[in-house]
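Down below is the structure, laid out as structure tokens.
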Amino acid sequence: MNKQAVLTAVKDGTPASTDIVFTSTDWELPGAATFTAPDFRSFATGSLTYECTYDNPTNRTITSGPSEATDEQCVAVGYFFPATDYRLCLDNFDFTLP
């Protein structure tokens, strides 16, 4: 998320889920959630949802894009294992990478 974001959350399951895995209110240094042995995190639903909440103090429409000054990006990055291949999920579309 960029500077207009006031909250980000990663959830186990659908957007309606109350099982929040990670949350942050700091867009510059959001932090991370780590899960170490023997308590690795297991996701009951097999899926994650991420969402960002924004505060727009301007009169312009904020859109998704690369500019930290004028645009926003809502992104969650995670690692899973055991992994058998590289994968990317973007807007609920799953890509298998070469």
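The values are calculated or read from the model by the stated rules, or taken from the named source; none is laboratory data. Predicted model, so just to flag it, every value in this text is computed and none were measured. Backbone-built Cβ (ideal geometry, glycine too); neighbour counts: all protein chains shown.
The number of residues in the range 1-52 that are assigned to a loop (DSSP other than H, G, I, E, B), within 21 Å of GLU68 (Cβ to Cβ) and under 15 Å from the mean Cα position of the chain (by Cα) comes to 10. Within the range 27-52, if we keep just the residues that are among the aliphatic types (A, V, I, L, M) and touching a strand residue (DSSP E or B) at 6+ places or on another chain (Cβ under 9 Å), the residue that is modelled with the highest pLDDT turns out to be ALA32.
For the range 12-25, a residue qualifies if it is over 13 Å from THR53 (Cβ atoms) and either of a type outside the set (A, V, I, L, M) or surrounded by 13 or more Cβ atoms within 10 Å (Cβ to Cβ) (or both), and the qualifying residues are ASP12, GLY13, THR14, SER17, THR18, ASP19, VAL21, PHE22. The residue list SER17, SER24 contains one member that is modelled with pLDDT of 90 or more and not basic (Lys, Arg), which is SER24. The residues in the range 32-63 that are closer than 21 Å to ASN2 by Cβ, small (Gly, Ala, Ser) and loosely packed, with under 10 Cβ neighbours inside 10 Å can be counted, and the count is 1.
Annotation: ASP94 fulfils all but one of (1) in contact (Cβ under 8 Å) with a residue 60 or more places away in the chain; (2) loosely packed, with under 10 Cβ neighbours inside 10 Å; the unmet one is (1).
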